[in-house]
Every structure is written in structure tokens, then in C-alpha cells.
């Protein structure tokens, strides 16, 4: 399974625990969408979340001055390429970071400026 492959270096118990953590809400007969969403969640955490958090902890532990911040962006794309259940995609936050809802307000809803 994917969970076993991604946690191979941590051993079989880690693979089993990972699978259980990501499938806890499946029930006895998960839908195709449930399985797909689980794969996306697991891969996203493995590729983006875990390395980002590791870097943040290193920065926080070693920073001489300043603070360390992170955020979770969950606003789905206005023009989704993927199914809506996937939520925000990588770099979807950039339009908000650089103020696009304010510079081109007709392309956004008022909630995008809140």
C-alpha cells in the first residue's frame, strides 16, 4: 500500500499506523472519492507538509531573532482544474499573497477580499 511505501524507512508498524490514521473515517465500504481523497491527503502531507514543518521547526529552533510562521491555505481555486473535493492546489495562495482580489476586484467575490 502507499502508506507502507511512504513509511518504509520507519518499519511495518509505522506503515500500519499511517494507514489507520488516514483511513479512520472510511467505514466498511469507502467510496472511490474517499480513497482518492485519502491518496491526495497522504501524498500532500508527505511531499509538502512534513518537509515544510521540519524546516519550520529547524528555523524556529535556530533563529537568533525574529519569529517563525506558517499558514494553511484552503480556499479552492476559482477556476479548478481538479475535482472540487481536492480543495486548494499548490500555489493557489499566490494570487492572494500579491493582492489580486484587490487589483482586479471584478474577478473575485467580496469574500475573497475579507
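So that you can scan it fast, the table gives a plain yes or no per residue for (1) within 19 Å of residue 83 (Cα to Cα); (2) free of Cβ contacts under 8 Å to residues at least 40 places away in the same chain; (3) under 20 Å from the mean Cα position of the chain (by Cα); (4) not in a helix (DSSP H, G or I):
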{"site": "3", "(1), (2), (3), (4)": "no, yes, yes, no"}
{"site": "9", "(1), (2), (3), (4)": "no, yes, no, no"}
{"site": "13", "(1), (2), (3), (4)": "no, yes, no, no"}
{"site": "16", "(1), (2), (3), (4)": "no, yes, no, no"}
{"site": "19", "(1), (2), (3), (4)": "no, yes, yes, no"}
{"site": "22", "(1), (2), (3), (4)": "no, yes, yes, no"}
{"site": "29", "(1), (2), (3), (4)": "no, yes, no, yes"}
{"site": "35", "(1), (2), (3), (4)": "yes, yes, yes, no"}
{"site": "39", "(1), (2), (3), (4)": "yes, yes, yes, no"}
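All but one of (1) closer than 24 Å to residue 47 by Cα; (2) surrounded by fewer than 12 Cβ atoms within 10 Å (Cβ to Cβ); (3) modelled with pLDDT of 85 or more hold for residue 79; state the number of the condition that does not hold.
(3)
For the range 87-110, give me each residue that is surrounded by 12 or more Cβ atoms within 10 Å (Cβ to Cβ), out of contact with any helix residue (DSSP H, G or I) (no Cβ under 6 Å at 6 or more places or on another chain) and on the phi < 0 side of the Ramachandran plot.
Here is the first cut: in the range 87-110, the residues surrounded by 12 or more Cβ atoms within 10 Å (Cβ to Cβ) are 87-89, 92-93, 95-96, 100-101, 105, 107-108.
Applying the additional criterion that residues be out of contact with any helix residue (DSSP H, G or I) (no Cβ under 6 Å at 6 or more places or on another chain) yields 87-89, 92-93, 95-96, 100, 105, 107.
Within the range 87-110, 88, 89, 92, 93, 95, 96, 100, 105, 107 meet the criteria.
In the range 27-58, how many residues are exposed (fewer than 14 other Cβ atoms within 10 Å of the Cβ) and at negative phi? Let's see the steps before the verdict.
As a first pass, look at the range 27-58 and keep what is exposed (fewer than 14 other Cβ atoms within 10 Å of the Cβ): 27-29, 31-33, 35, 39, 43, 47-58.
Right, trim to at negative phi and you get 28-29, 31-33, 35, 39, 43, 47-58.
Selection size over the range 27-58: 20.
The values are calculated or read from the model by the stated rules, or taken from the named source; none is laboratory data. Just so it is clear, the model here is predicted, and its values are computed rather than measured. Counting neighbours? That spans all protein chains shown, and the Cβs are built from the backbone with ideal geometry, glycine included.
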